[in-house]
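What follows is a set of notes on a single structure, which appears directly below.
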Amino acid sequence: MANQSGSVYGLTILSPIIDDQKAVPSHDLQIRKYLAELPVGVDSPFALAPGTHLARLVVMDDVIYVGMPACEEHLKSKYLVFESNCDGDLESYLAGLAKTVPHHLDAIWGHCVGYPGARDVDAFIGYMKACQIETTFYFAAVNDKSVLQTLRALQTQRAVADFISEHQGHDPAHLQQEFTGFMQKLDSTPAPKPGAGNIERDIKTGGRNE
Amino acid sequence: MSNINGKVYAMNAITPMKPWKTWILRGFFLVLGAVKPLQADLINLSFIEFARWVIIPRRKLPFLGDGQKPEDLQYDYLLFFSNFNGTWNQYIDAFSAVLSKGLNAIWRWSEKFPGSVPVTPFKEYIARLQFDTDYYYTAYPQATANDLKSAHTVQSALESFAKKSEGLGPQQFRDEYLRFVIEVQAHLGETGEAPVVF
């Protein structure tokens, strides 16, 4: 199945945004405003709920006209695009989101057509599946590790680098003793929180052609 | 809007395709998925954490009723989402230089695709059909794709060494330890705060 690469799931959802001429500001702008203020670090809804490696939310205003001789056409709705790279089973992942951060989901998808709310988990999962588009080709650089395994591996990598640099030239008995202590300490250290290490910057970069 | 979070850049692009051409592209992706050696360049470039191509047939955009107007499109659309390390220019340059055949095989079915070489018109095309990300999250903002691969290599080597070294005398332990250090030494690069890129 193209949505899956190993144990990682590539979820693509397009939710039509409510087109209400009387809404001020419009629903798409309300989504954008909420997303602009949503935390991206350890307090992100995707960090609080389990299983997200990387995710994005994008308001797609329209399709793009590439110029003559192509035909110019337009969408009748704007769509909220949710692209997520997550662990394992889709229903468990969506249920995890609905149970952990329902208020965020409601604040975002509440501006979309037919959204039933996240309190009714089954209805929420049904809605998301109705808006899902099958991924045609999915690539993951690492496709056999969970978010937790990856965070732990990054922590181990840092700890091992420090251990090696601090124990150069030590005599074998001392090295062995220190290594035993190192492993015990590493095993008892909790994994870093998802999203940790994010730096909020005043300057926003990452536009096109940078 | 920010297309960047830590060391990853979120790219979104959409291109129109004549519906009959999408079947050719589906066939290509089927082969690409089944024949792993064809993905070698994509894997070896090693700065893409996740990427996906999604073909949206013109009559298959989600329709939920409830006041939503049905779409009436002539084209199918190809959506491309990439999570890569580095800057926009570095990414497109590398794509064009290393994966030009693969890119051409994917986008030649899209309207007005100029080819991935030379790179200048290719960049103009990408810039025209890219749209910006409103919210971008990563669980590990300080790590690149290579960091992830290296970290898992170190984790696996450490677990194996810890198991192997149980019950060894100090001398034998040191010999095993040195083998372990040699095995992981190329995978100990430091992760950290991303540089500001322009």
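Coordinate-derived values only; no laboratory data. The structure displayed is predicted, hence computed values, not measured ones. With ideal geometry, Cβ positions are generated from the backbone for all residues, glycine too; neighbour counts draw on all protein chains shown.
Can you tell me, using C-alpha contacts under 8 Å and at least 6 residues apart, the relative contact order of chain B as a whole percent?
Working: 248 pairs, mean separation 62.0, N = 198.
Worked out over chain B, it gives 31 percent.
Per residue of A:87-98, other chain Cβ atoms within 10 Å of the residue Cβ number 0 on average. For segment A:1-111, the square roots of the Cα gyration tensor eigenvalues, ordered a ≥ b ≥ c, give a/c of at least 1.5 with a/b no greater than b/c, which places it in the oblate category. For the residues of B:106-117, the average number of beta carbons from a partner chain within 10 Å of their own beta carbon is 1. Evaluated with a Cβ-only charge set (Lys, Arg +1; Asp, Glu -1), the protein assembly as shown carries a dipole of roughly 940 debye about its Cα centre, given to the nearest 20. Put simply, when B:110-123, A:168-181 are sorted by average Cβ atoms within 10 angstrom per residue, most first, you get B:110-123, A:168-181. When only the Cβ of Lys, Arg, Asp and Glu is charged (+1, +1, -1, -1), the dipole of segment A:1-93 relative to its Cα centre reaches about 160 debye.
Charge dipole (Cα centre; +1 on Lys/Arg Cβ, -1 on Asp/Glu Cβ; no other charges) of segment A:147-188 amounts to roughly 220 debye. Residue by residue, segment A:138-153 carries 3J(HN,Hα) couplings of 10, 10, 10, 4, 10, 10, 10, 10, 7, 4, 4, 4, 5, 4, 5, 5 Hz when phi is fed to the Karplus relation 6.51 cos²θ - 1.76 cosθ + 1.60 (θ = phi - 60°); x denotes Gly or Pro.
Placing unit charges on the Cβ atoms of the charged side chains and taking the dipole of segment A:147-188 about its Cα centre, the candidate lying farthest along the positive direction among A:168, A:148, A:183 is A:148. As a rough guide to protection, the peptides B:17-24, B:131-138, B:84-91 ranked by mean Cβ packing within 10 Å, highest first, stand as B:131-138, B:84-91, B:17-24. Remark: mean inter-chain Cβ contacts per residue of B:45-52 equal 6, using a 10 Å Cβ-Cβ cutoff to other protein chain atoms. Estimated from helices alone, the mean residue ellipticity of chain B at 222 nm is -14000 deg cm²/dmol (sum of -39500 (n - 2.57) over DSSP H runs with n ≥ 4, per residue).
Think of chain A as a dipole: +1 on every Lys or Arg Cβ, -1 on every Asp or Glu Cβ, centred on the Cα centre; then among A:52, A:100, A:9, A:100 lies furthest on the positive end.
By the helix-only formula, in which each DSSP H run with n ≥ 4 contributes -39500 (n - 2.57) and the sum is divided by residues, chain A has a 222 nm mean residue ellipticity of -12000 deg cm²/dmol.
Placing unit charges on each Cβ (+1 for Lys and Arg, -1 for Asp and Glu) gives chain B a dipole about its Cα centre, and among B:138, B:155, B:79 the Cα reaching farthest toward its positive end belongs to B:79. Could you calculate the FRET efficiency of residue B:43 with residue A:24 from 1/(1 + (r/R0)^6), where r is the beta carbon distance between them and R0 is 56 Å, rounded to 0.05? For R0 = 56 Å, the calculated efficiency reads 0.70. Between rounded, prolate and oblate, where does chain A land on the alpha carbon gyration tensor, with a ≥ b ≥ c its root eigenvalues, rounded for a/c under 1.5, else prolate if a/b exceeds b/c? In terms of gyration-tensor shape, prolate.
For segment A:4-130, the antiparallel share of DSSP beta bridges with both residues in that region comes to about 100%.
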